1. Starting from the Cα of Gln128, step 7 Å along the direction of its Cβ; do the same at Thr151; then give the gap between the two resulting points in nm.
2. Enumerate the amide H contacts of Thr54 below 5 Å, restricted to partners 5 or more residues apart or on another chain; note that Pro and chain-start residues carry no placed amide H.
3. Apply the Karplus parameterisation 6.51 cos²θ - 1.76 cosθ + 1.60, with θ equal to phi minus 60°, to every residue of region 122-135 and state each ³J(HN,Hα) to the nearest whole Hz, in sequence, with x for glycine and proline.
4. HN-Hα J couplings of region 157-172 from phi, Karplus 6.51/-1.76/1.60, θ = phi - 60°, integer Hz, Gly and Pro as x?
5. Using θ = phi - 60° and the Karplus form 6.51 cos²θ - 1.76 cosθ + 1.60, what ³J(HN,Hα) does each residue of region 50-64 get, whole Hz, x for Gly and Pro?
6. At what distance in nm do the modelled label points of Ala170 and Asp51 sit from each other, each positioned 7 Å from its Cα along Cα→Cβ?
Amino acid sequence: MTDAAPNARPDTATADNVNPDDLRPALVAAALAHVPFDGWSDATLRAAAADTGTDLALARALFPRGGVDLVLAWHRQGDRAMEARLQAAGLTGMRYRDRVAFAVRTRIEVAGDREAVRRAAALLALPQHAPDGARALWDTADAIWTALGDTSDDLNWYSKRATLSGVCSATVLYWLGDESEGAAATWAFLDRRIEDVMRIEKAKAAVRENPFLRLAFAGPLWLAGQVRAPQRLPTVPLPGGWAPPGVPSAGDRR
């Protein structure tokens, strides 16, 4: 005789026998097979839990908002994979604009599955999830600039990430409808967007270097100089800290 329930699965993953940090990637990977049919939804979470033998209550605890938490975890995994590729690529011989273009292209190639990206974009475009989508896009831009060694700590920190967020989102939308071989049209589109950004940077440099324009914009330039980038999270874990599901704790972050 045993006290186990007759219908219990001995191989079911529960909070007692698995590490949640190991289980999240497995659930996201399993979910990708169901996204083309059910989107990033609660139905996909249930299917992923069944495929991985995970107790549904545990899966819901890891992704309390269902599909939206699944897609955000997938997005963060893509950012980490992009960072790894950039670190291994050795970009020192490239022009800076080419490094940025390479990073954006790498992030898109890491995503790979267009249908999963399309479904993710549709979900995060909903009004109730738009803040999550904007944060995910900003985090990607921040990850790219950080990987490229950006050291700005003033208003440029914000302007670089805001500009790159626009480039990333526009390029992804173009890529979703691109049927050219090897996505060649997308990469040409990306190059044009990077060129537009470089024109803005050249205009900003011209203002700083022109003594008359510098005098005319002395007030706005002074005000902009007072803006500082946010401080990075501490590298040691602190008691009472909290992070959304799937986000590393403070001690695990950069």
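1. 4.7
2. Ala13
3. 5, 5, 6, 7, 5, x, 6, 10, 4, x, 5, x, 5, 5
4. 4, 6, 5, 4, 6, 5, 5, 5, 4, x, 4, 4, 5, 5, 5, 4
5. Per residue, the Karplus-derived 3J(HN,Hα) values read 5, 5, 9, x, 9, 4, 4, 5, 5, 4, 5, 5, 6, 10, x Hz.
6. The two pseudo-label positions are separated by 3.5 nm.
Throughout, read-outs are computed from the coordinates displayed, never taken from laboratory work. No experiment lies behind these values; they were computed from the predicted model shown. FYI the Cβ positions are ideal-geometry reconstructions off the backbone, even for glycines, and counts take in every protein chain you see.
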